[in-house]
Amino acid sequence: MVIKVFLASSSGSTAIKKKQQDVVGFLEALKVDYTQLDIACNEENRMWMRQNVPEEKKPANGIPLPPQIFNENGYCGDYETFFDAKEDNMVYAFLGLPPPPGSKEVPEEERNGNDEATEGETVGDEAPAEEDQLVEETDEVTEDTQAQEEEEEEQEEEEAEVQEEEETE
């Protein structure tokens, strides 16, 4: 099964570019076999994507924006649903692919209540997968960024207080 990622190579939107890079980068990190299909240079790709995104998933204007992700002809989702799956450690399920050996992502059979280990396996004893490491690294960067932003805000508040004091003197 090949994952199809519909992208716009010449998008003027920075947000769309970042979302596309996020999806492609994560798929590459997981070593998932995927194909990039450009909707900016290929009208067939654009029309196929627009026709195959389910109506309930299309925005109010009816035109879905990239990135859109498919497994062969089956719709997986857009960036937001991909991001949610990534946060929930469920990317393989989102893509309709079986998780690789050693992944912490629980196979569908086990999510449905069958959490018995097969012979030679121990439930919950899997080695950390690249996906988990990538999510942890992303979380660390996010925490570092938040801490840095908080420090900057505190510094700005202190500077504003000093400036107010100087103005009142």
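The values are calculated or read from the model by the stated rules, or taken from the named source; none is laboratory data. What you see is a predicted model; the values in this text were computed from it and never measured. Don't worry about glycine lacking a Cβ; one is built from the backbone with ideal geometry, like all the others, and counts go over all protein chains shown. These area figures cover heavy atoms from the full protein model, side chains too; ligands, DNA and RNA do not enter into them. Shrake-Rupley method; radii C 1.70, N 1.55, O 1.52, S 1.80 Å.
Okay, here's what the table says:
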| read-out | value |
| --- | --- |
| ³J(HN,Hα) computed for each position of segment 87-96 - Karplus, 6.51 cos²θ - 1.76 cosθ + 1.60, integer Hz, glycine/proline x | 5, 8, 6, 10, 5, 5, 5, 4, 7, x |
| Ile63 - accessible surface, heavy atoms, 1.4 Å probe, Å² rounded to 10 | 70 |
| Residues of segment 61-85 with amide N under 17 Å of the 7 Å Cα→Cβ point at Ala15 | 61-68, 78-84 |
| Total charge dipole magnitude, segment 1-90, about the Cα centre, Cβ charges on Lys, Arg, Asp, Glu only, Debye to nearest 20 | 240 |
| Loop sites in segment 1-91: GluC sites (Glu not before Pro), DSSP, at most 15 other Cβ within 10 Å | Glu72 |
| Built amide H within the under 5 Å cut-off of Cys76, gap 5+ | Ile69, Phe70, Asn71 |
| Computed E for Ala29/Ile63 - FRET, C-beta separation, R0 22 angstrom, nearest 0.05 | 0.15 |
| Surface accessible to a 1.4 Å probe, Leu37 within the full protein complex, Å² | 40 |
| Apportionment of accessible area to carbon and sulfur, segment 1-104, percent (1.4 Å) | 51 |
| D_trans [Stokes-Einstein, Kirkwood Rh over alpha-carbon pairs] for segment 1-111, 20 °C, 1.002 mPa s, µm² s⁻¹ | 148 |
